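Have a look at the structure below before the remarks.
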Amino acid sequence: MMKKLFEKYRELIMYIIFGVVTTVVSYGVRFAVLYGGGAMFSLSDTDAGFAAVRTVAISLGWIAGVTVAFITNKKWVFRNEDKDKRSLLRQISTFCASRLGTLGLEYLIGVGLPALLIACGYVPFTVILTFTPDLIAAGVSAVVVTVANYFLSKFITFKKKD
């Protein structure tokens, strides 16, 4: 019974598993740069210059995440075995283009939501983790971007040939 259930939902289960891996890599790089850069330049998250650090952090996290996501999606999630150069080039191109589109969402949420929360007087609170504006934005963007990326990958990049 469990095996049948797994096979029925294998693609979605694998996408979630590797989505977690990709998210950990992406946000690991993002927060390492974000807080490392802030500390290096002695900036707090309310300083105007911190927005530049956010931009760099989001960009580097995105590059790391897209690299991991392409490899895992192609091989294990969508089980795409196309190996010819033309097909691979099309997949890489459409994958990166779709991820650039969702990167726009990442930027809007990752830069806009913290700025909005700070402007509204948001005060971070702690329940196991400290819920900073950046942590909240990361959570919101992770959900929105993951759902969008699944559908773009399934129906565009790794679309099954009829």
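Values for this structure:
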item	result
Single residue of 140, 123 found to be over 14 Å from residue 30 (Cα atoms), β-branched (Val, Ile, Thr) and not in a helix (DSSP H, G or I)	123
Any pair with Cβ under 6 angstrom, 6 or more apart, that starts in the stretch 145-162 at a residue that is part of a loop (DSSP other than H, G, I, E, B) and ends at one that is aromatic (Phe, Trp, Tyr)	158/78
Qualifying positions in the stretch 119-144 - surrounded by fewer than 16 Cβ atoms within 10 Å (Cβ to Cβ), in contact with a helix residue (DSSP H, G or I) (Cβ under 8 Å, 6 or more places away or on another chain) and more than 21 Å from residue 63 (Cα to Cα)	122, 124, 129
Hey, residue 56 aliphatic (A, V, I, L, M), modelled with pLDDT of 95 or more and assigned to a helix (DSSP H, G or I) or not	no
Residue 71 within 18 Å of the chain's Cα centre (by Cα), free of Cβ contacts under 8 Å to residues at least 12 places away in the same chain and exposed (fewer than 13 other Cβ atoms within 10 Å of the Cβ)	yes
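The values are calculated or read from the model by the stated rules, or taken from the named source; none is laboratory data. Predicted model only: the values in this text are computed from it and were never measured. As a convention, Cβ positions derive from the backbone with ideal geometry for all residues, glycine included, and neighbour counts pool all protein chains shown.
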